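Colleague: Below you'll find the structure I mean.
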Amino acid sequence: MLFALTAVMHCVLPPFYFRLIGRQMLDIGYYSLPVVGMTTLFSGMVLALQSYSGFARFSAESAIATVVVLSMTRELAPVLAGLMVAGRVGAAIAAEIGTMRVTEQIDALTTLSTNPFKYLVVPRILAGTLMLPLLVLTGDIIGVFGGYIVAVYQLGFNPGTYIKNTAEYLEFIDVVSGLVKAAVFGFLISLMGCYHGYQSRGGAQGVGAATTNAVVSASILILIFNYVITGLFFER
Amino acid sequence: MSQTPKIRVRGLKKSFGPKTVLNGVDLDIESGESLVVIGGSGSGKSVLLKCILGIIQADAGSIQIDGEETLGLRGRERERVMRKFGMLFQGGALFDSLKVWENVAFGLIQGRGTAKDEARRIALEKLAQVGLGEAVSTLSPAELSGGMQKRVALARAIATEPEIIFFDEPTTGLDPIMADVINDLIVACVKELGATALTITHDMASARKIANKVAMIYEGRIIWHGPVERIDASGNDHVDQFIHGRADGPIQMQVTRP
Ligand SMILES: Nc1ncnc2c1ncn2[C@@H]1O[C@H](COP(=O)(O)OP(=O)(O)O)[C@@H](O)[C@H]1O
Ligand SMILES: [Mg+2]
């Protein structure tokens, strides 16, 4: 908790290391694209298939497009991207910072008049918070596209009608709530990675434990905050 | 000797949970002197250095640098005091994501805002001073041998021309010849900078070479303190046992017996 406050405080106070922030954005954002893309593509596809087999009985096939786009933007894209990035990026952050901790590199930063929070923690937290929404937005589009492919090429829907149905029931708030979730998840993933890495003790074993803890705690926090944010947006 | 010491430590205490590591350390280091603290593994030598640097928060006591109390300094104030220090870490602690010259230039670029070209020029100069050529400067630390890593770490520690340099077991893990090379470099660098040096080690050959004065830490306190010439006639059983490396004596290692 104190760690989170210190980290946020350093996020808004100068000096900033823009080059490091840029590099982390590339690492967290760009290199996570394939993973997030694959996850959301197949989720969109399976959603279309599942809801078809469910809805066909009630001859409500037109609802499929709506089901796909709402589930993707509100829930699946943020949560799945969050969990995948937690595994990929959260673990990497914890391992890197943990290794720097146990090999005294973090202490060395301090003796070279550099604040490790500013140099290591802030760039990762900013990059996580900014890049996950972008990833999720991309994931939204890819997921909807996955649903479209299945609906049109496998189930034989009319392409025009499918796109019309997709756009018709989608509201601004659906996308925004998903992106807000993504920003919060990105923050949590980086924070947990940095925190557990920073606290690691005792050699390779300590770094291993830090990595596991970072991924597990980030994943659980993502699921909890998903519930909380959904409640805030859609209650009543 | 009315001059204030460069570093004055009084009653320094530090415990980790139930384990007391430092139990009232008193230590003075005069400006320009080279003090070597000897003591067994796990006797708290590294913890002592890190407390003085403020990397570890001490529990009690006083640490004065140039007469200024530094215990409890934070943020900007702490950074200002840190600028006086250079430190060579036990494992080198080179940043493995940066090239060799970027490591050496780090304190100049990040800490002092030196321009990159200028910092690079100084870095190459310091690397030459520790016997490493320009070819090495673009390698990454992982590509270097242990002895070379130590030399790069030494170059990094002296790059900002600090007033005070700490060396944490500079020769541990090196072969005797490389250890002696490092000892010579330390002596030369400290002399050239006119810096105050604090070295911790359990390598007596290294201690004799580097030190003007020697102090021995045992059970969380300094039990002997004197000029290096007097170490063979210290009149202290603990010191005698340590410098002759005997298993029998007042210092009993914790060995579980059947
Ligand atoms: N951050 C820490 N947390 C808990 N115990 C520590 C920590 N740092 C050092 N210690 C303990 O303090 C003792 C002294 O360590 P150290 O100063 O590294 O010994 P050495 O004299 O070999 O350098 C060791 O027993 C070590 O386990
Ligand atoms: Mg040590």
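Colleague: From the set of residues in segment B:46-69 that are crowded, with 17+ Cβ neighbours inside 10 Å and away from ligand 2 (no atom under 16 Å from the Cβ), which is nearest to the chain's Cα centre (by Cα)? Show your work before the answer.
Modeller: Taking segment B:46-69 first, the residues crowded, with 17+ Cβ neighbours inside 10 Å are B:46-56, B:58, B:61, B:63-65.
Next, from what is left, pick out any that are away from ligand 2 (no atom under 16 Å from the Cβ): B:54, B:58, B:61, B:63-65.
On the way: B:Gly54: 14, B:Ala58: 18, B:Gly61: 20, B:Ile63: 16, B:Gln64: 17, B:Ile65: 16 Å.
The qualifying residue nearest to the chain's Cα centre (by Cα) is B:Gly54.
Colleague: Let me ask something else. If B:Gly226 satisfies all but one of (1) under 26 Å from B:Met178 (Cα atoms); (2) open to solvent by less than 20 Å² (accessible area, probe 1.4 Å), what's the number of the condition it fails?
Modeller: (1) is the only condition that B:Gly226 fails.
Colleague: Moving to a separate point now. Based on this model, can you work out whether B:Ala188 counts as away from ligand 2 (no atom under 16 Å from the Cβ) and either at pLDDT below 90 or surrounded by 16 or more Cβ atoms within 10 Å (Cβ to Cβ) (or both)? Write out each step before concluding.
Modeller: Numbers: away from ligand 2 (no atom under 16 Å from the Cβ): yes; either at pLDDT below 90 or surrounded by 16 or more Cβ atoms within 10 Å (Cβ to Cβ) (or both): yes.
For B:Ala188, the condition - away from ligand 2 (no atom under 16 Å from the Cβ) and either at pLDDT below 90 or surrounded by 16 or more Cβ atoms within 10 Å (Cβ to Cβ) (or both) - is met.
Colleague: Quick check on this structure: which one of A:Ser200, A:Ser217 is more than 13 Å from the chain's Cα centre (by Cα), within 16 Å of ligand 1 (Cβ to nearest atom) and among the hydroxyl-bearing types (Ser, Thr, Tyr)? Can you show your working first?
Modeller: Working: A:Ser217 fails: within 16 Å of ligand 1 (Cβ to nearest atom).
Only one candidate passes the filter, namely A:Ser200.
Rundown of residues vs (1) within 13 Å of chain A (Cβ to nearest Cβ); (2) open to solvent by less than 50 Å² (accessible area, probe 1.4 Å); (3) not hydrophobic (A, V, I, L, M, F, W, C), yes/no style:
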{"residue": "B:Leu94", "(1), (2), (3)": "yes, yes, no"}
{"residue": "B:Asn103", "(1), (2), (3)": "yes, yes, yes"}
{"residue": "B:Ile122", "(1), (2), (3)": "no, yes, no"}
{"residue": "B:Val136", "(1), (2), (3)": "no, yes, no"}
{"residue": "B:Ala142", "(1), (2), (3)": "yes, no, no"}
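Colleague: Can I ask one more? Looking at segment B:116-123, can you tell me whether even one residue there is more than 16 Å from ligand 2 (Cβ to nearest atom) and assigned to a loop (DSSP other than H, G, I, E, B)?
Modeller: There is no residue in segment B:116-123 that is more than 16 Å from ligand 2 (Cβ to nearest atom) and assigned to a loop (DSSP other than H, G, I, E, B).
Colleague: Still on this structure, please answer the following. All but one of (1) within 16 Å of ligand 1 (Cβ to nearest atom); (2) within 30 Å of B:Thr160 (Cα to Cα) hold for B:Gly220; which doesn't?
Modeller: Status for B:Gly220: all satisfied but (2).
Colleague: Can you say whether B:Gly72 is outside the structural domain of B:Ala195 (by TED's automatic domain parsing), at positive phi and either buried (at least 18 other Cβ atoms within 10 Å of the Cβ) or without any contact (Cβ under 8 Å) to a residue 40 or more places away in the chain (or both), as far as the supplied structure shows? If you could, list the steps in order and put the result at the bottom.
Modeller: Values: outside the structural domain of B:Ala195 (by TED's automatic domain parsing): no; at positive phi: yes; either buried (at least 18 other Cβ atoms within 10 Å of the Cβ) or without any contact (Cβ under 8 Å) to a residue 40 or more places away in the chain (or both): yes.
Judged against the criteria, B:Gly72 is not a match.
Colleague: Then there's this: Whether any residue in segment B:36-45 is assigned by TED's automatic domain parsing to the domain that holds B:Thr196 and either acidic (Asp, Glu) or open to solvent by 40 Å² or more (accessible area, probe 1.4 Å) (or both) is what I want to check. Break it down stepwise before answering.
Modeller: Initially, segment B:36-45 is screened for residues assigned by TED's automatic domain parsing to the domain that holds B:Thr196, giving B:36-45.
Then keep just the ones that are either acidic (Asp, Glu) or open to solvent by 40 Å² or more (accessible area, probe 1.4 Å) (or both); that gives B:41-42.
Taking every residue of segment B:36-45 in turn, at least one turns out to be assigned by TED's automatic domain parsing to the domain that holds B:Thr196 and either acidic (Asp, Glu) or open to solvent by 40 Å² or more (accessible area, probe 1.4 Å) (or both).
Colleague: Right, B:Gly173: surrounded by fewer than 18 Cβ atoms within 10 Å (Cβ to Cβ), assigned to a loop (DSSP other than H, G, I, E, B) and within 14 Å of another protein chain (Cβ to nearest Cβ) or not?
Modeller: On the way: surrounded by fewer than 18 Cβ atoms within 10 Å (Cβ to Cβ): yes; assigned to a loop (DSSP other than H, G, I, E, B): yes; within 14 Å of another protein chain (Cβ to nearest Cβ): yes.
When the stated conditions are applied, B:Gly173 passes them.
Colleague: Checking the condition in contact (Cβ under 8 Å) with a residue 40 or more places away in the chain, part of a helix (DSSP H, G or I) and either open to solvent by less than 10 Å² (accessible area, probe 1.4 Å) or touching a Lys or Arg at 6+ places or on another chain (Cβ under 6 Å) (or both), which residue from A:Ala183, A:Ala218 passes?
Modeller: Details: A:Ala183 fails: either open to solvent by less than 10 Å² (accessible area, probe 1.4 Å) or touching a Lys or Arg at 6+ places or on another chain (Cβ under 6 Å) (or both).
The conditions single out A:Ala218.
Colleague: Working carefully through the options B:Ser41, B:Ser62, B:Ser46, B:Ser97, find the one that is in a strand (DSSP E or B) and of a type in the set (Ser, Thr, Tyr). Give the steps one after another, and end with the answer.
Modeller: Details: B:Ser41 fails: in a strand (DSSP E or B); B:Ser46 fails: in a strand (DSSP E or B); B:Ser97 fails: in a strand (DSSP E or B).
Just one listed residue meets the conditions, B:Ser62.
Colleague: Using the structure shown, decide if B:Gly133 is farther than 30 Å from B:Met204 by Cα and without any contact (Cβ under 8 Å) to a residue 60 or more places away in the chain. If you could, list the steps in order and put the result at the bottom.
Modeller: On the way: farther than 30 Å from B:Met204 by Cα: yes; without any contact (Cβ under 8 Å) to a residue 60 or more places away in the chain: yes.
Spelling it out, B:Gly133 is indeed farther than 30 Å from B:Met204 by Cα and without any contact (Cβ under 8 Å) to a residue 60 or more places away in the chain.
Colleague: A further question follows. Restricting to segment B:13-34, name every residue that is within 28 Å of B:Asp240 (Cα to Cα) and within 16 Å of ligand 2 (Cβ to nearest atom).
Modeller: B:Lys14, B:Lys19, B:Val21, B:Leu22, B:Val25
Colleague: Look through segment A:76-109, keep the residues that are open to solvent by less than 10 Å² (accessible area, probe 1.4 Å) and without any contact (Cβ under 8 Å) to a residue 12 or more places away in the chain, and return whichever of them is farthest from the other protein chains (Cβ to nearest Cβ).
Modeller: So the residue we want is A:Leu109.
Colleague: Right, another one. Among the residues of segment B:110-120 satisfying the criterion of being open to solvent by less than 60 Å² (accessible area, probe 1.4 Å) and in contact (Cβ under 8 Å) with a residue 12 or more places away in the chain, which is nearest to A:Leu120 (Cα to Cα)?
Modeller: B:Gly111
Colleague: Still on this model: Can you tell me which residue is nearest to the other protein chains (Cβ to nearest Cβ) among those in segment A:110-123 that are surrounded by fewer than 24 Cβ atoms within 10 Å (Cβ to Cβ) and assigned to a helix (DSSP H, G or I)? Write out each step before concluding.
Modeller: Narrowing segment A:110-123 to residues surrounded by fewer than 24 Cβ atoms within 10 Å (Cβ to Cβ): A:110, A:113-119.
Going one step further and asking which of them are assigned to a helix (DSSP H, G or I), we end up with A:110, A:116-119.
Numbers: A:Thr110: 6, A:Pro116: 10, A:Phe117: 11, A:Lys118: 10, A:Tyr119: 7 Å.
Across segment A:110-123, the extreme among qualifying residues is A:Thr110.
Colleague: Select from segment B:74-91 the residues that are of a type outside the set (A, V, I, L, M, F, W, C) and not in a loop (DSSP other than H, G, I, E, B) and write down the one among them that is nearest to the other protein chains (Cβ to nearest Cβ).
Modeller: Looking only at segment B:74-91, we keep the residues that are of a type outside the set (A, V, I, L, M, F, W, C), and these are B:74-80, B:83-84, B:86, B:90-91.
Pick out the ones that are also not in a loop (DSSP other than H, G, I, E, B) and you get B:75-80, B:86.
Working: B:Gly75: 9, B:Arg76: 10, B:Glu77: 12, B:Arg78: 9, B:Glu79: 5, B:Arg80: 9, B:Gly86: 7 Å.
For segment B:74-91, the residue satisfying everything is B:Glu79.
The values are calculated or read from the model by the stated rules, or taken from the named source; none is laboratory data. Only a predicted model underlies this, so the values are computations on that prediction, with no experimental measurement involved. Glycine also receives a Cβ, built like all others from the backbone with ideal geometry; neighbour counts cover every protein chain displayed. Calculation scope for accessible area: heavy atoms of the full protein, side chains included, ligands and nucleic acids excluded. Shrake-Rupley method; radii C 1.70, N 1.55, O 1.52, S 1.80 Å.
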